Each structure stands twice: as structure tokens, then as C-alpha cells.
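Let me begin by handing over the structure; questions about it come next.
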Amino acid sequence: MRYEEEYMVASAAFVLASRDSASPVGEPHPTSQPAPHLTGQLTHLTPGHVASLGLDGVRRALEQVAAAQRHIDAVRIILNGRLRELSTASPAVMPEQVIVKATSVSRPDARRDMQRVDTLDAFPQLRDAVLAGDISAHHVDVVTRAVRHLDNNSREIFATDVTRLVGIARRTSPDNFSRVVAQTALHAEHASGVDTTERQRRRTWLRHWVDTDSGMVRLHGEFDPESGLRLVGRLQHAVQSLFASGEQGPSSGEASDKPAHLSALALVALVCDGQPSTDASNITPLGGVRADVSVVVDLETLRRGVHPHTVTSTGTDIDLPVDTIRRLACSARIIPVVMSSAGVVLDMGRATRIATAQQRRALEAMHPTCAVPQCSVPVSRCEPHHIDYWVNGGPTDLANLVPLCAEHHRCVHEGGWRLHLVDGSRRVRVTVPGH
């Protein structure tokens, strides 16, 4: 189906949905304008009008908003599908980056948008229901999560049941729908011959991110029973050791749950202090290994504290207070990085095809994120790239290295992008073919 036709289908679906939704008393029915003038359908919902609505009026208004949102979801999916086609034709087109810049959403939100496109491409019945305005994008997200770990055989079996699932999605909430979809995915795995243990191992996962509100690092994951038992067993033992050492958890009056607090401390101790080391000078009193930390901080901040031009960076999304950086300087392997007034790292070495650890630390000091302008991928998830290719005689020198995320690395090597360092700085200028 051409994208123009898909848009017409989605627009017609919105008009029909609007006709099915009762209008508030005294208001015209929201079908007089075509779907592209979507905001006009809801202009009667002013604060003054909403303040006069009773329960039934609010319910009807919410139904209208939901119908409008389903139309917006459908059109957005169509646009994102077109982005997928354009990116297939040209590696220089990066859908997620286009979405982030055009709509001011986060990268995870943009990634979710493109996952919806992939799911609807895999299950046309689901796509038709979304374009018709019968189900929401949240129903699509439920299916995306459920099929993420299915192998090809299991997906094919799951696909035979999608028509039934669409019928259920039309009359139920995403929360209730998720239970039915999970059962369907489980049945598909059983039918394809995947045993329980293998299925659970495939579904083991762990994610980590930084909470933008609190600045705290968050973990979320699931483990198969065997791995989970080993992990929880060690965690419980570490908690008992902490408790026996006198650690009592948060002080009175704090909201933190004591067992959860001790579990968090125990996990940090296991991961950060529990690795063997052959370097006796690097052993902590508890037998663990001191952290190898690379922190960029200007000398004035380290000596006297935060000032208007303070520079602190860990090369990740994690921000460390200056007091913490000072403490780490006493207990960790701090990597000294000397910077010029222009912010360029000096005297970090060169001479191998693969960037050395020192050169990587230098790049982390100069680039908090991927070197491509407006890319927000942390430098910790990037790899050094030769601006002048190594195979063409380019040296492994800091003046020829920049950190690139996986997507922009692909754009350079497969999309024909050319990178240039602006004279006297670490700013990168990008030349895209055809632009």
C-alpha cells in the first residue's frame, strides 16, 4: 500500500471514530473538517468548557481525545515507515535521529517509534487495525515486547494467531491485552519445540540508565531461574556480610527501605569489589579491586570547588559531585588528563592501528558524546574512528581520531559521510553526499 493511500485510510478512520463518539451537549459533532485539521476537532475543549462538564461529559470528551490520538498514532507510524524506506535507500538517513530532532522526544522514545514500524511490518493485520483507528500504539508496544525474544519458528506460529489478538485488542486495554499476548507467545514457543529452560535463558536481560529527574542510576532486568538463584544467593550472602559488619542501612527518617538499601550496597560490592586481581597494589581491604576511573575535571574545580566554568565528565550520562571526584582520587586509579585552554588533550601517545587505552581516555576527556554534532550517545558507547582511514595511510593519532556511535560509524563507512576536524578545536564538520 502506498503511503498516500495509507494516510487516506487513517484519515477516514478518524472521521468515522469521531462520528461514533458522542459530542458534548451544545457542541457540533466533530466531523465537519478533514482529519489533517485534527486540532480543530478539539478546540471546544477549553478550560472554561471543561470546568462545566459532568462525569458523562468528561467521559465523552476523553473518547474524542482518544480517537484523535489513535489517528495521530496512525499518521506517525506511516511517517516513520517512510523514514525506514528512506534509510534503506540511503544509510545517511538515520530515522531515530530525525525523529528526535523533529519531535523533541528522547532517543528511547524514537527507538520505540521505529520498533512499532518493525512490528507492524511483521504483522499486517495489526497494521490494518492501527491505520483504521481500532487499536492504539500501546497495543502495538505490547506485541513488540512479547515477540522480542521469539525465534523465527515461534514468530511464524505466533503470526497465525494475530487476527484473534487484534479482535481482543479492539475491546480491551493494553494492560489486559498484554496478558493474552504473553500467553500466545508462550504457546508459540512450546509449539515450536523450545523447552522451558532455553526459553527462559533467551529472555534473560538487564538494562541500565540514568533517571533524568533524580540523577540516580537505575537497573531493570529479568533472569532465568538458574542464573537468578545464583545471583540472589550471592546477593543475600553479601547482605548478611554487610549487616554483620555493622551497616544498618539508611538513617531514621529517610524513606529508603532498609533491605532494599542493603541489597543495593551488596550488589555494588559484588560487582565492583569482587573481581580477582594479580596486582597486589590494587587490592582493597575486602579483597576486591580498586576501580579504574577516568574523570575529566578542571584543576580549579578540583582545588577550590565548583565555579561558573567548571568542567566535570565521566564519559557517561552519570554526573559525579566534586566531593565524590576528590574521594575517588584517593581510592581509585585516577587517570591524569592534561588539557590545553582550547580543551584539547595533550601528549597522550599514538602509533598503533587500534587506539590505545590512553588515547581512548583522551577522547573521553574531549568528547562527552559521539563526535557528530547533535548526537547524544555517551562516549562510553562509542568507538574511536580514523578520520583519514588507516588503510589509506591515516595515522592512529589523536588529531586523526574521533569517537563515533555505531549508527554514525555505519554512516561514515557505508553512507559515504566525510568528517573533518575544524582547525584548532575538536569540533567535527560533517559532509553528507548529496547535501
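Among all residue pairs at least 6 apart or on different chains, which show Cβ distances below 7 Å where the first residue, located in the range 384-403, is without any contact (Cβ under 8 Å) to a residue 40 or more places away in the chain and within 11 Å of Gln359 (Cα to Cα) and the second is buried (at least 17 other Cβ atoms within 10 Å of the Cβ) and among the small types (Gly, Ala, Ser)?
As it stands, the answer is Pro384/Ala355; Val402/Ala371, since those pairs meet every condition given.
Now for a different question. Please pick out the residue among Val105, Val194 that is part of a loop (DSSP other than H, G, I, E, B) and over 26 Å from the mean Cα position of the chain (by Cα).
Val194
Quick grid of which residues meet (1) outside the structural domain of Trp417 (by TED's automatic domain parsing); (2) aliphatic (A, V, I, L, M); (3) closer than 22 Å to Trp417 by Cβ; (4) modelled with pLDDT of 85 or more:
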residue	(1), (2), (3), (4)
Ser340	yes, no, no, no
Val344	yes, yes, no, no
Asp347	yes, no, no, no
Thr352	yes, no, no, no
Gln358	yes, no, no, no
Arg361	yes, no, no, no
Ala371	no, yes, yes, yes
Cys375	no, no, yes, yes
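Could you please give the count of residues in the range 145-179 that are farther than 25 Å from Asp195 by Cβ and in a helix (DSSP H, G or I)?
10
While we're here: Scan the range 107-130 residue by residue and report those that are farther than 22 Å from Arg170 by Cβ and among the hydrophobic types (A, V, I, L, M, F, W, C).
Listed by number, the residues that qualify are Ala110, Met114.
From the set of residues in the range 187-217 that are of a type outside the set (Lys, Arg) and crowded, with 16+ Cβ neighbours inside 10 Å, which is modelled with the lowest pLDDT?
Filtering first and then ranking leaves Val194.
Look through Asp109, Asp56 and report the one residue that is over 30 Å from Leu419 (Cα atoms) and surrounded by fewer than 21 Cβ atoms within 10 Å (Cβ to Cβ).
Answer to the check: Asp56.
Moving to a separate point now. Kindly indicate whether any position in the range 179-187 is under 30 Å from Pro321 (Cα atoms), under 30 Å from the mean Cα position of the chain (by Cα) and of a type in the set (Lys, Arg).
Kept after step one, since they are under 30 Å from Pro321 (Cα atoms), are these residues of the range 179-187: none.
No, there is no match, as no residue in the range 179-187 is under 30 Å from Pro321 (Cα atoms), under 30 Å from the mean Cα position of the chain (by Cα) and of a type in the set (Lys, Arg).
Test Asp211 against the stated conditions and say whether it is within 30 Å of Pro321 (Cβ to Cβ), free of Cβ contacts under 8 Å to residues at least 24 places away in the same chain and of a type outside the set (Ser, Thr, Tyr). It would help to see each step written out before you state the result.
Numbers: within 30 Å of Pro321 (Cβ to Cβ): yes; free of Cβ contacts under 8 Å to residues at least 24 places away in the same chain: yes; of a type outside the set (Ser, Thr, Tyr): yes.
Yes: the conditions hold for Asp211.
List every residue pair whose Cβ atoms lie under 6 Å apart, where the two residues are 6 or more positions apart in sequence or sit on different chains, the first residue falls within the range 180-203 and is farther than 16 Å from Arg145 by Cα, and the second residue, located anywhere, is of a type outside the set (Asp, Glu) and at pLDDT 85 or above.
Taking only residues 6 or more apart or on different chains, the pairs are Ala191/Ile157; Ser192/Asn153; Ser192/Ser154; Ser192/Ile157.
Restricting to the range 167-192, count the residues that are in contact with a Ser or Thr (Cβ under 9 Å, 6 or more places away or on another chain) and farther than 17 Å from Leu126 by Cα.
5
Which of the residues belonging to the range 112-127 are surrounded by fewer than 19 Cβ atoms within 10 Å (Cβ to Cβ) and in contact (Cβ under 8 Å) with a residue 24 or more places away in the chain? Explain how you work it out, then say what you get.
At the first step, the residues of the range 112-127 found to be surrounded by fewer than 19 Cβ atoms within 10 Å (Cβ to Cβ) are 112, 114-115, 118, 121-122, 124-125.
Listed by number, the residues that qualify are Arg112, Met114, Gln115, Asp118, Asp121, Ala122, Gln125.
Inspect all residues belonging to the range 54-74 and state whether any of them is in a loop (DSSP other than H, G, I, E, B) and farther than 25 Å from Val412 by Cα.
yes
The values are calculated or read from the model by the stated rules, or taken from the named source; none is laboratory data. Since we're looking at a predicted model, the values are computed, not measured. Don't worry about glycine lacking a Cβ; one is built from the backbone with ideal geometry, like all the others, and counts go over all protein chains shown.
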